[in-house]
Amino acid sequence: MPKNFGKEKNNEYFLVCVDESNEFSSALEYACICAQKQKVNLILLYIIEVANFRHWKGVETIMQEEQKSKAKELLDMYLDEIKNNYKLNIKTMVKRGDRVETILKVLRNKRYKIKNLILGLAMEGNDTNKIINSLTGSFRKNLNLPIIIVPDKNK
């Protein structure tokens, strides 16, 4: 009899895009609660937008390393917070590129069975709302999963 008999590992995920906004905190809390109830894993995705800054190669490399370091630090902070409050399996990803295109690329990755995309909605104009507008508008035909939009509860 196989060792893992009866201990099937769930390989479904909720994808949450990480940033430093208030609405992200609301979306993360919602994702954690739902993931724990449904016994689903989380993927925390931090996207470093590619700047049109083309300077000396050394300066550009230093800037990229600083952005990556900041992303890892932020992800580690959220990981600690989640581990203290929830019992979840979490994967973290740091990707570089356009936010919408990067999200679509991760969603198309067959390695992960992403069940839902969870985004925070700013009650006042914000970059996150641009992502929501794109994914619920012109890019919606490229998605085959539900998008859960969580409003910022601090407003």
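The values are calculated or read from the model by the stated rules, or taken from the named source; none is laboratory data. The shown structure was predicted, so the numbers you read here are calculated from the model rather than taken from an experiment. Counting neighbours? That spans all protein chains shown, and the Cβs are built from the backbone with ideal geometry, glycine included.
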Residue within segment 52-66 that is at pLDDT 80 or above and either surrounded by 17 or more Cβ atoms within 10 Å (Cβ to Cβ) or under 16 Å from residue 19 (Cβ atoms) (or both) present: no
Segment 103-120 residues that are touching a residue at least 40 places away in the same chain (Cβ under 8 Å), paired with ones that are polar (S, T, N, Q) and assigned to a strand (DSSP E or B) (beta carbon under 9 Å, 6 or more apart): 112/41
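Could you look through segment 116-131, keep only residues that are modelled with pLDDT of 80 or more and within 13 Å of the chain's Cα centre (by Cα), and pick out the one that is surrounded by the fewest Cβ atoms within 10 Å (Cβ to Cβ)?
Looking only at segment 116-131, we keep the residues that are modelled with pLDDT of 80 or more, and these are 116-121, 131.
If we keep only those that are within 13 Å of the chain's Cα centre (by Cα) as well, we get 116-120, 131.
Working: 116: 19, 117: 25, 118: 24, 119: 23, 120: 29, 131: 21.
For segment 116-131, the residue satisfying everything is 116.
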Test for residue 70: is it touching a strand residue (DSSP E or B) at 6+ places or on another chain (Cβ under 9 Å) and surrounded by 13 or more Cβ atoms within 10 Å (Cβ to Cβ): yes
Cβ pairs under 8 Å, 6+ apart, first in segment 50-66 and assigned to a helix (DSSP H, G or I), second surrounded by 10 or more Cβ atoms within 10 Å (Cβ to Cβ) and modelled with pLDDT of 80 or more: 64/48; 64/96
